[in-house]
Amino acid sequence: LNKELPIGVTFSDYARSGFFQLVFLVVVNLIMIISIKLKTIINSSMANKTLNILYSIVTVLTINMGVAAIYKMNLYIGEFGYTRLRVLVQVFTVFLCISLLFLLLFIWKEKNLFKPIAIIAMVIYLGLNYFNIDNFIAKENIKLINQREEIDLGYLSRLSLDAKNSIDEGRKNGLISSEYYNMWANKR
């Protein structure tokens with residue numbers, strides 16, 4: 001958490017590697033832990049407790065990877081701004097971490113794992129459909145204009161009409177030039 005990029009690594013490589021490592025590890029851990037837990041016959045409570053502790057350690061370490069992936073993506077966003085893909089990756093990473101918390105519940109309480117994860121997935125999906133992603137992206141990237149010398153205004157010009165309020169506000173405040181504003185308005 002030193003906020004420094006490793007030497008010889010680009011921001012995009014750093015963020016992508018964290019995300020794909022996490023997705024791979026979550027899938028492997030879910031399959032492994034569920035399979036072992038369902039297929040193993042345990043004769044003593046001590047053995048059950050020991051296995052649950054081991055499953056929990058693996059799960060907590062994977063949650064730690066999720067936090068690291070979110071952190072890496074935040075570094076990337078802080079440097080280059082928001083895009084739809086970056087927002088969706090963040091949301092999916094949070095979903096994976098929530099799924100891992102439910103895995104802990106499955107490990108210790110032997111509760112159904114599929115139903116709560118499916119409900120969380122549906123809530124997140126519906127929330128994303130009602131959340132104005134383009135306006136959020138425009139608003140946050142316009143905030144970054146004050147902190148960064150370079151922001152991808154060309155990307156802002158590709159956003160939908162959902163971003164109109166933020167782009168109008170950016171133009172009024174002089175953060176978006178008339179050239180980019182007109183480019184955005186003409187594409188709409």
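General remarks:
- Stokes-Einstein D in µm²/s, Kirkwood radius over Cα pairs - region 49-147 at 10 °C with 1.306 mPa s viscosity: 104
- For Met65, the accessible area of its heavy atoms, probed at 1.4 Å with every protein chain present, is near 50 square angstrom.
- For the listed residue pairs Lys72/Lys139; Lys72/Lys115; Lys143/Lys187; Lys49/Lys111, the alpha carbons are over 28 angstrom apart in Lys72/Lys115.
- What region 17-70 shows is 62 Å² of accessible area per residue, with the surface traced by a 1.4 Å probe over protein heavy atoms.
- For the chain, the C-alpha radius of gyration sits at 1.32 times the compact-globule guess of 2.2 N^0.38 Å, with N the residue count.
- Surface composition of region 84-188: carbon plus sulfur atoms contribute 57% of the solvent-accessible area (1.4 Å probe, protein chains only, all chains present).
- Rounded Å value of the spacing that divides the Cα centres of region 11-29 and region 150-188: 32
- The accessible surface of region 21-76, taken with every protein chain in place and a 1.4 Å probe, is 75 percent carbon and sulfur.
- Kyte-Doolittle mean at least 1.6 and Cα axial length at least 27 Å: DSSP H helices in the chain: 84-109
- In the context of the full set of protein chains, region 87-188 has a per residue accessible area of 62 Å² (1.4 Å probe).
- Value of [θ]222 nm, deg cm²/dmol, for the chain, DSSP H segments ≥ 4, -39500 (n - 2.57) each, nearest 500: -26000 deg cm²/dmol
- Extension gain from Asp162 to Thr10, taking 0.36 nm per residue of separation minus the Cα-Cα distance: 51.6 nm
- When only Cα pairs below 8 angstrom with a gap of at least 6 residues are kept, region 1-134 shows a relative contact order of 30 percent.
The values are calculated or read from the model by the stated rules, or taken from the named source; none is laboratory data. This is a predicted model, so every value here is computed, not measured. To get the accessible areas, we keep the full protein, side chains included, count just its heavy atoms, and leave off ligands, DNA and RNA. Shrake-Rupley method; radii C 1.70, N 1.55, O 1.52, S 1.80 Å.
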